[in-house]
Each structure stands twice: as structure tokens, then as C-alpha cells.
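Everything on this sheet refers to the single structure shown next.
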Amino acid sequence: QVQLVESGGGSVQAGGSLRLSCVASGRTSANYAMAWYRQAPGQEREFVASIPWGGGTTYYADSVKGRFTISRDNTKNTAYLQMNNLKPEDTAVYFCKSWKDGHTYWGQGTQVTVSS
């Protein structure tokens, strides 16, 4: 069993920045991928960014390319999402996700609110 805890959310004005963190604990193991998703009120959860265990190729939703950067520090069991030039449409609850061998884990989410 793995627990994921997000932090770093908050309220910022458009153009501002935030860095989200996702710390994995419990029965963690190597070789798991991690990703960030978000869900705005009344909307379905959508993919934001992902990163494999060893780093390398990352993927981003078109809406955040050039503004968000996903990274990870496996020694700290932590994934990050650096969000720059935030826009009001980025307002959502951001969820951390990890998966391996058919098992998927989700964090509880952290709220990001961007005002215009």
C-alpha cells in the first residue's frame, strides 16, 4: 500500500508560480511512474504531466506545455510540478498519481486557484 500526499497548492494571481510536491510513503518500491492530473469544478479529471522512474521523456498536456515542468527525486520519494505563468484556467484540484504492475495510487489532491 502506497500513500501519496500532495502539497504546495494555494491561491495566486495570473502570471504567478507555484510548486506542487507529492511525497510517497508506505510500501514504496522502485520503477514506478508518476504523473499529475487536475480536475476543475464540473469537469472530468484530466492529464497534466507524467514522468518515468528514471526521468527522461516527460509528457505534458498541450495546455501546460512551456509553463509547467514535472520532475522527481527518487531519493526523497517525491515528485514535483513547477507551475509558471499560471492562468485562471489552471484553477483546479491537482492530484498526484503513481502506478506500477497494474496498481495505481492517487493522492488526496491539493487546490490551486488562479485569479485574473
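The values are calculated or read from the model by the stated rules, or taken from the named source; none is laboratory data. Just so it is clear, the model here is predicted, and its values are computed rather than measured. Quick reminder, even Gly has a Cβ in these numbers, built from the backbone with ideal geometry, and neighbours come from all protein chains shown. Ligands, DNA and RNA are excluded from the accessible area calculation, which covers all protein heavy atoms including side chains. Shrake-Rupley method; radii C 1.70, N 1.55, O 1.52, S 1.80 Å.
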In Å and on Cα atoms, what radius of gyration and Dmax does the chain show?
13.5, 42
Pairwise label distance in nanometres, residue 75 with residue 101, each label 7 Å out on the Cα-Cβ vector:
2.6 nm
Extension reserve of the residue 89-residue 39 stretch, reckoned as 0.36 nm per residue once the Cα distance is removed
16.9 nm
Value of relative contact order over the chain, rounded to a whole percent, pairs C-alpha under 8 Å and six or more apart
35 percent
Sort 29, 116 by accessible area with a 1.4 Å probe, largest first.
116, 29
Ignoring ligands, DNA and RNA, how do 105, 59 rank by accessible area with a 1.4 Å probe, largest first?
59, 105
Rounded to the nearest Å, what's the spacing between the alpha carbon centres of the range 43-116 and the range 1-17? Just the number, please.
9 Å
